[in-house]
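Reviewing the structure listed below.
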């Protein structure tokens, strides 16, 4: 499959079936998976271009009957995490855990430090997942976890996970910004988007 290179998207526009995994996927939409699919699709139809990502996650959580929200955040986004925590606690019970939880020294893994000569803790995404698992969250939000740490967190989270903020220090946490500049795409990635 190379759907990203398809010009017509007949699956969307004409109902064309281009894959043999369709029936296998349909068989998986049972119980909570079916509910998640239907809630998401309903939200898209009702609120298309009307809700922010935060509002959409709140509405999704309400319709999924979630009561407890977990926030796994990067300490570099502590201010944002605090605001998000306060927003979500208006409707839900909220548990939040920062990436440096457990204070595991970088020295333990012989890892380089941002500033040598001082104690620095590594990020602990598995620890974040374990803390939110212990809190019995219904839905976990990623707020700026590092690449790789987000993967580890997602793998170890019992509750479903969605990303609220993707970390991109260079582009003010807007990684899509890199693909909206023709100049940058051509210079940095040597990709011609005109073909």
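The values are calculated or read from the model by the stated rules, or taken from the named source; none is laboratory data. Values in this document were obtained by computation on a predicted structure and should not be read as measured data. No Cβ is skipped: glycine too gets one built from the backbone with ideal geometry, and neighbour counts run over all protein chains shown.
In the range 110-132, the residues that are at positive phi form no Cβ pair under 7 Å with any partner that is modelled with pLDDT of 90 or more and surrounded by fewer than 17 Cβ atoms within 10 Å (Cβ to Cβ), whether six or more places apart or across chains. Beta carbons closer than 7 Å, at least 6 apart along the sequence or on distinct chains, pair a first residue in the range 48-62 that is farther than 19 Å from residue 83 by Cβ with a second that is not in a helix (DSSP H, G or I) for 62/91.
Before we move on, is residue 138 under 14 Å from the mean Cα position of the chain (by Cα), within 26 Å of residue 55 (Cβ to Cβ), surrounded by 15 or more Cβ atoms within 10 Å (Cβ to Cβ) and modelled with pLDDT of 95 or more? When the stated conditions are applied, residue 138 does not pass them. For residue 168, the conditions (1) over 14 Å from residue 73 (Cα atoms); (2) surrounded by 13 or more Cβ atoms within 10 Å (Cβ to Cβ) all hold with the exception of (1). Taken over the range 1-42, the criterion of being in contact with a helix residue (DSSP H, G or I) (Cβ under 6 Å, 6 or more places away or on another chain) and modelled with pLDDT of 95 or more is satisfied by 29, 39.
Just checking, does the range 41-59 include any residue being more than 16 Å from the chain's Cα centre (by Cα) and buried (at least 18 other Cβ atoms within 10 Å of the Cβ)? Yes, that holds for at least one residue.
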